[in-house]
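Visitor: Take this structure, written in structure tokens, and hold onto it; I'll ask about it next.
Please treat every number below as a calculation from the coordinates, not as lab data. All values derive from a computational prediction rather than experimental measurement. Cβ: placed from backbone, ideal geometry, glycine included. Neighbour counts: every protein chain shown.
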Amino acid sequence: MREGAPAGKDDVDTRQWRDTIAAAQDGDRRALDELVEGWLPLVYNIVGRALNGHADVDDVVQETMLRAVDNLGSLRDPDSFRSWLVAIAMRQIRDRARRRTAAPLDESAAGGAADFAELTVLRLQLEGQRREVAEAVRWLDDEDRQLLSLWWLEVAGELSRRDLAAAVGISRQHAAVRVQRMKERLETSRGIVRALDGACPGLREVTARWDGRPDSVWRKRLARHIRGCGYCAGTHESVVPAERLLVGIALVPVPVGFTLSLALGGKTAAAATATAASVGWSAKVLGALTQPVVAVTAGATIVAGGAYVVTSTPDAPPPRVAVSPTAASTYRPPPVVHTPSVSPSQSPSPSATPTKTLLYGSVVDAVDRAPDPDTPPAALPHRPETGITSTGGAHAVMNHRGDSVTLTGRGYVLVRWQISPQYRAGSLVMPAWTGLKGELFHVASGGGRRMDDPVSATDPTATGMGNSTVGYAVPPAGTQQMWQNEYFYVDGSVTLTVNESGADYGLSVFPSSWDAAEKDITTGPDQGATRYGLVRDTGGDDTPVPQYATRSTPADAATVAQRSRV
């Protein structure tokens with residue numbers, strides 16, 4: 001019986017599918033259609049999570065379902081169909097891993113599409129610690145991710161422990177040990193996700209040369225930092241175990257338009273039928289598939305020639321992809337001694353007082369002094385929120401010229417800076433906001449420090465902009481000095497583009513919320529930060545508009561004028 005499932009549930013599932021499997025084995029096209037449509041989401045989730053959305057996912061799913069169709073006649077016990085199908089999927093995943101070891105694949109092939117962790121967050125609308133678990137999967141090794149793809153579905157109620165052990169080819173006792181070890185590494189990865197969402201100055205130094213791609217080497221480095229860092233480690237009393245978070249989570253929907261081509265041995269269904277007279281069951285099924293008809297089910301269509309095209313169902317619209325605002329961590333770091341903000345970089349000039357007006361776009365960010373570190377900020381007005389969708393997902397990382405993310409909706413956005421002057425100190429080329437439709441405001445600054453605040457207890461010259469050894473990154477004259485975290489409010493649509501060449505700074509972009517912004521800016525020095533945040537929002541149209549913003553879409557975003565008028 002499936003752990004955590006009602007007694008007899010597996011028996012019910014088996015009875016529901018026994019007749020369908022038997023009919024499909026007899027060559028019934030409609031039964032085969034129902035079988036493939038019913039089990040394709042499970043296979044897609046196992047393969048997608050095990051490979052984390054790599055471009056090979058479609059191929060592995062194709063091969064799994066093809067082998068299942070081709071060998072269904074050899075299945076003697078319909079009650080074991082689920083374990084049998086999952087075992088086929090895991091063999092195809094392992095075969096793919098062996099091929100990749102023998103002839104390394106270009107992992108950049110998956111760069112144009114969201115990884116499976118991101119799809120899980122977007123399509124299932126995961127928030128808080130459920131989102132954290134999904135994103136932590138990125139940090140697991142291939143073997144752990146393969147096991148997690150099964151354990152996740154076991155906890156969610158889609159597989160039993162018997163299915164999991166059979167798929168991996170080990171005993172239930174050995175499976176329990178393997179799962180426990182994987183869960184420990186998953187919890188370590190969750191801690192990394194939480195820490196990267198924070199604003200620890202020490203962690204920024206550790207990740208200065210990180211390219212933003214999770215791997216086992218950086219997992220160990222970051223875990224070592226977190227274990228020794230009071231800011232990052234914090235308390236784990238409020239962390240919910242992953243299995244409690246995953247109970248009852250639905251399968252990630254198969255993408256609309258996903259095509260499953262039932263070819264036999266690389267041949268088309270028609271060609272395979274012509275040569276399959278001696279292969280028994282396969283010939284019957286493929287012969288049925290090549291009839292000039294199209295069979296439609298609730299979620300899949302069998303097209304003549306043997307292709308399954310997943311479509312949206314009339315009574316089940318495609319899932320929303322809006323990213324619900326996520327709350328900031330409730331962790332409060334222990335007190336630390338802070339130093340006055342004396343920057344070795346360019347000294348800020350006095351604030352230029354904007355003219356108060358209700359005309360949107362007439363007030364642009366001006367250079368200002370850092371506020372007193374011990375002065376709490378003014379209240380942050382709460383603007384309407386319906387959520388922000390991002391082409392970069394819940395956490396977009398941009399490092400190079402031309403990287404961009406488009407934000408759409410109504411709500412708050414966090415842009416986090418990571419300066420890397422060791423690559424090239426000197427004047428920076430600032431990012432630009434282009435193609436603005438609607439309104440865009442710069443509402444608050446946070447992260448516990450400005451980027452020109454001191455960041456090291458041992459090097460008095462070190463700030464977030466560099467140090468005396470490597471030099472300092474310097475914004476263009478007259479440009480607003482950035483803080484670690486900058487909050488913006490979008491009502492409409494806008495694209496943020498990185499214009500600096502190389503890796504002189506990185507931008508992380510998160511759809512956020514008023515709650516997260518307010519919590520960040522009120523986290524003051526007594527809680528481990530250098531200073532309180534700064535509120536820029538007046539609640540009206542005279543709230544500052546960010547510099548380098550335009551409603552046009554120039555060929556080169558770096559040409560956007562500094563004192564934008566929108």
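Visitor: Assuming R0 = 45 Å, what is the FRET efficiency of Arg551 and Gln173, from their Cβ-Cβ distance, to the nearest 0.05?
Guide: Details: r = 64 Å, r/R0 = 1.42.
In this case the efficiency is close to 0.10.
Visitor: Here is a further query. Amide H neighbours of Thr523 under 5 Å, counting only residues 5+ apart in sequence or on other chains, H built in-plane at 1.01 Å?
Guide: Under 5 Å from the amide H of Thr523 lie the amide H atoms of Gly533, each far enough along the sequence or on another chain.
Visitor: With θ set to phi - 60° and the Karplus curve 6.51 cos²θ - 1.76 cosθ + 1.60, what are the ³J(HN,Hα) couplings of segment 20-26 in order, to the nearest whole Hz, using x for Gly and Pro?
Guide: 5, 5, 4, 5, 5, 5, 7
Visitor: Next up: Check which residues have an amide H placed less than 5 Å from Ala444's amide H, if you skip close sequence neighbours.
Guide: Placed amide hydrogens put Tyr487, Arg536 under 5 Å from Ala444.
Visitor: Also, I was wondering about something else. Which shape class applies to segment 444-553: rounded if a/c is under 1.5, otherwise prolate when a/b exceeds b/c and oblate if not, where a ≥ b ≥ c are the square roots of the Cα gyration tensor eigenvalues?
Guide: It is oblate, given that a/c is not under 1.5 and a/b is not larger than b/c.
Visitor: Using amide H atoms built 1.01 Å from N in the peptide plane, name the residues 5+ places from Tyr505, or on other chains, whose amide H lies under 5 Å from its own.
Guide: Those lying under 5 Å, H to H, from Tyr505 are Ser420.
Visitor: Is segment 508-555 best put as rounded, prolate or oblate by its Cα gyration tensor, with a ≥ b ≥ c the root eigenvalues, rounded for a/c under 1.5, and otherwise prolate when a/b is larger than b/c, oblate when not? Before the final figure, lay out each step's value.
Guide: Numbers: a/c = 2.46, a/b = 1.92, b/c = 1.28.
Verdict is prolate for segment 508-555.
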